[in-house]
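One structure below.
The values are calculated or read from the model by the stated rules, or taken from the named source; none is laboratory data. Computed from a prediction, not measured in an experiment: that's the story for all the values here. Calculation scope for accessible area: heavy atoms of the full protein, side chains included, ligands and nucleic acids excluded. Shrake-Rupley method; radii C 1.70, N 1.55, O 1.52, S 1.80 Å.
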Amino acid sequence: PADHALAWMLDRLEPAGDGLAFTESSTAKLGAGALLAVALAQRRLATGDPQHDATMRALGRFIVGQQRPDGSMLELYDIDAQAVVPGATSVFATGEALWALALLQEAFPDERFEAPAWRTLDYLALERDLEEGFLPQPWPDQWAAYALGEMAEWGLEDHHITYARR
């Protein structure tokens, strides 16, 4: 059943910027692509099977393409226009994207997913709740918690640890 579901998702990948995005319409959602990358990374960890490595990297490039300079993430990508939809954010997608970036960095340490992951973690730890008006603060972001679990061995800074504890 998992392979059947995976085939269904892989059939719905579309070129998006420098990578691939999962979509069922003309608008791709960052969160869906990030969770597909997470699923592929977890599958790779469980099986040791690298057959989807190129897809994982392409999903990672899409995720990085949704990142703004401050580490925040934009949720939507217009497939027809081949452009990020400006201003659209999501309660969950930024944390999902961070988790995906952390797993991609673990899988492909030479692919440079580490710097975008740090930028997004810094944004979550220091700015996101105020910038995006999330209540309660800190926003209880389970996706960020999963990412922190992956990134803990990288050497978290004090503000990351404070965020994790809060």
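Observations on the structure shown:
- Coupling constants for the range 32-42 follow from the phi torsions by the Karplus curve (6.51 cos²θ - 1.76 cosθ + 1.60, θ = phi - 60°), and in residue order they are 5, x, 5, 5, 5, 4, 4, 4, 5, 5, 5 Hz; glycine and proline get x.
- All Cα-Cα separations within the range 103-146 were binned at 5 Å from zero, giving a P(r) of 5, 21, 24, 21, 13, 10, 5, 1, each value a whole percent of the pairs.
- Scalar couplings 3J(HN,Hα) for the range 79-94, obtained by applying the Karplus form with A = 6.51, B = -1.76, C = 1.60 to θ = phi - 60°, are 5, 5, 7, 6, 8, 5, 7, x, x, 8, 10, 9, 4, 9, 4, 5 Hz; x denotes Gly and Pro.
- Note: relative contact order over the chain, using C-alpha pairs below 8 Å and six or more positions apart, is 20 percent.
- Accessible area of the chain belonging to carbon and sulfur atoms, whole % at 1.4 Å probe: 53 percent
- Over the range 77-165, the fraction of Cα-Cα pairs per 10 Å bin, rounded to whole percents and listed from the shortest bin up, is 16, 47, 29, 8, 0.
- Accessible area (Å², per residue) of the range 127-166, counting only protein heavy atoms and a probe of 1.4 Å: 64 Å²
- Enclosed volume per residue, in Å³, of the convex hull spanned by Cα atoms of the chain: 115 Å³
- Distant-in-sequence amide contacts of G19, defined by a placed amide H-H separation under 5 Å and a gap of 5 or more residues or a different chain, comprise F62.
- The phi-based Karplus calculation (6.51 cos²θ - 1.76 cosθ + 1.60; θ = phi - 60°) puts the 3J(HN,Hα) values of the range 111-116 at 8, 6, 8, 5, 4, x Hz, whole numbers, x for Gly and Pro.
- Maximal additional length on extending the D11-L135 stretch stands at 40.9 nm, based on 0.36 nm per residue less the C-alpha distance.
- In percent, rounded to a whole number, the relative contact order of the range 71-166 is 29, using alpha-carbon pairs under 8 Å and six or more apart.
- Residues whose placed amide H lies under 5 Å from that of A88, excluding near-sequence neighbours: E75, L76
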